[in-house]
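Presented below is the structure to which this report refers.
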Amino acid sequence: MAIKVENLTFVYNPGTAMEQKAINDVSFEIPDGQFVGLIGHTGSGKSTLIQHLNGLVKPTGGKIYYNGEDIYAEGYSLRQLRSKVGLVFQYPEHQLFEVDVFSDVCYGPRNLGLSETEIRNRAEDALRLVGMKEKYWDQSPFELSGGQKRRVAIAGVLAMNPEVLILDEPTAGLDPKGRDEILDQIEALHEARGMTIILVSHSMEDMARYADRLLVMNHGEKAFDGTPKEIFRHYQELEQMGLAAPQVTYVIHALRERGVKVDEDITTVEEARKSLLKVLGLGEGSIC
Ligand code: ADP
Ligand code: MG
């Protein structure tokens, strides 16, 4: 089990007028290699929760285990943990600071005390993984487009060779093309390296498409935990939490209410297409 969270509670500014309970008694386990989607309304505790997983925030109550070890036990190296559990913050491009793209991506591996050759190899691999062409490597990160900056920031975390990659809304503010490219690259990393992924996103379409499992946060508590199909069956409850199911799920429910016998558990456009073709008695390829 890569990550185990046990009865996690977190309070900001305890004992002051600003006291705010952000996480309330949350428990879950994440096995190696799973692609987990984390959803919840703004302020539900998603960012606070993931910052616990690489030891950036210390729980008010409860425990966090990484590969069976309590990360807050005395003598446990949080520095080492942070090289294994990579966290890409929301708007990570705000943390770019080096003079050129390549140096920025080298920053993490350099802090790990690796050899110069190893540092360079890792930075090159990471930049290629996120699809950054070589012509950009000696440019200032500040001259790049929003999507390109985001890629550089993600490459900086990948260059640490993490076993777990946590991304806090990595597609926020990007256009649809940039969004799909970044998510496809994350999916490819997950497939090729068996990397464990925790993705925070507002897009239910993305969640249905990429995640093996969804964790739903509501007012600091875990509201649901299951496969996207299981979770989106609760779309009415999700709406009460300020969330929704993918658009296509609503279309399918509307069709079923009108007597069209499409499959019930549809969460992606591709599934809808297949099911509709079946209902219409048409084979694959008869509609483009
Ligand atoms: P999400 O990422 O789901 O939007 P957050 O983890 O950012 O949620 O916030 C959870 C709760 O904690 C919210 O009520 C938020 O206002 C509060 N909170 C977040 N960051 C801080 C902070 N630095 N100081 C005080 N309260 C905070
Ligand atoms: Mg957040």
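Quick notes on this one:
- Rg/Rh (Cα only; Kirkwood hydrodynamic radius) as it applies to segment 181-256: 1.00
- Spread over its residues, the convex hull of the C-alpha atoms of the chain is 154 Å³ per residue.
- Taking every DSSP beta bridge that has both ends in the chain, the antiparallel portion is near 50%.
- Given their separation in residues at 0.36 nm each and the Cα-Cα distance between them, Gln236 and Glu98 gain 45.0 nm when the chain is fully extended.
- Sequence-separation-based contact order of segment 63-214, relative, with Cα cut under 8 Å and 6+ spacing, percent: 27
- Our note on the geometry: Cα centres of segment 59-132 and segment 208-281, 35 Å apart.
- Here Lys261 is the anchor, and the lysines within straight C-alpha reach of less than 23 Å, apart from those fewer than 8 places off in the same chain, are Lys229, Lys274, Lys278.
- When peptides 151-160, 36-45 are sorted by average Cβ neighbour count within 10 Å, with the highest value leading, the order is 151-160, 36-45.
- Heavy-atom accessible surface of the chain: percent carbon and sulfur, 1.4 Å: 49
- Take the chain with all the other protein chains still there, run a 1.4 Å probe, and you get 49 Å² of accessible area per residue.
- Gain in span if fully extended, Gln247 to Tyr76, counting 0.36 nm per residue against the direct Cα distance: 57.1 nm
- Prolate/oblate/rounded label for segment 104-193 (Cα gyration tensor, a/c 1.5): oblate
- Tensor-based shape of segment 246-288 (alpha-carbon gyration tensor, a/c under 1.5 rounded, otherwise prolate or oblate): oblate
- When the charge dipole of segment 3-237 is built from unit charges on Cβ atoms (+1 for Lys and Arg, -1 for Asp and Glu) and taken about the Cα centre, the candidate among Ser47, Val105, Pro31 whose Cα reaches farthest toward its positive end is Ser47.
- Lysines whose Cα lies under 30 Å from that of Lys58, excluding same-chain neighbours fewer than 8 positions away: Lys4, Lys21, Lys46, Lys84, Lys149, Lys222
- Against the rule of thumb 2.2 N^0.38 Å, how large the Cα Rg of segment 130-288 comes out: 1.24
- The relative contact order of the chain comes to 21 percent, based on Cα pairs under 8 Å that sit 6 or more residues apart.
- For segment 31-124, pairs of C-alpha atoms spaced more than 18 angstrom apart make up 59 percent of the total.
- Sites Lys135 and Lys261, calculated FRET efficiency, Cβ-Cβ separation with R0 45 Å, nearest 0.05: 0.25
- The relative contact order of segment 246-288 comes to 33 percent, based on Cα pairs under 8 Å that sit 6 or more residues apart.
The values are calculated or read from the model by the stated rules, or taken from the named source; none is laboratory data. Just so it is clear, the structure is predicted and the values come from calculations on it, not from any experiment. Ideal geometry is used to build each Cβ from the backbone, glycine not excepted, and the neighbour counts take in all protein chains shown. Keep in mind that these areas ignore ligands, DNA and RNA; they rest on the heavy atoms of the full protein, side chains included. Shrake-Rupley method; radii C 1.70, N 1.55, O 1.52, S 1.80 Å.
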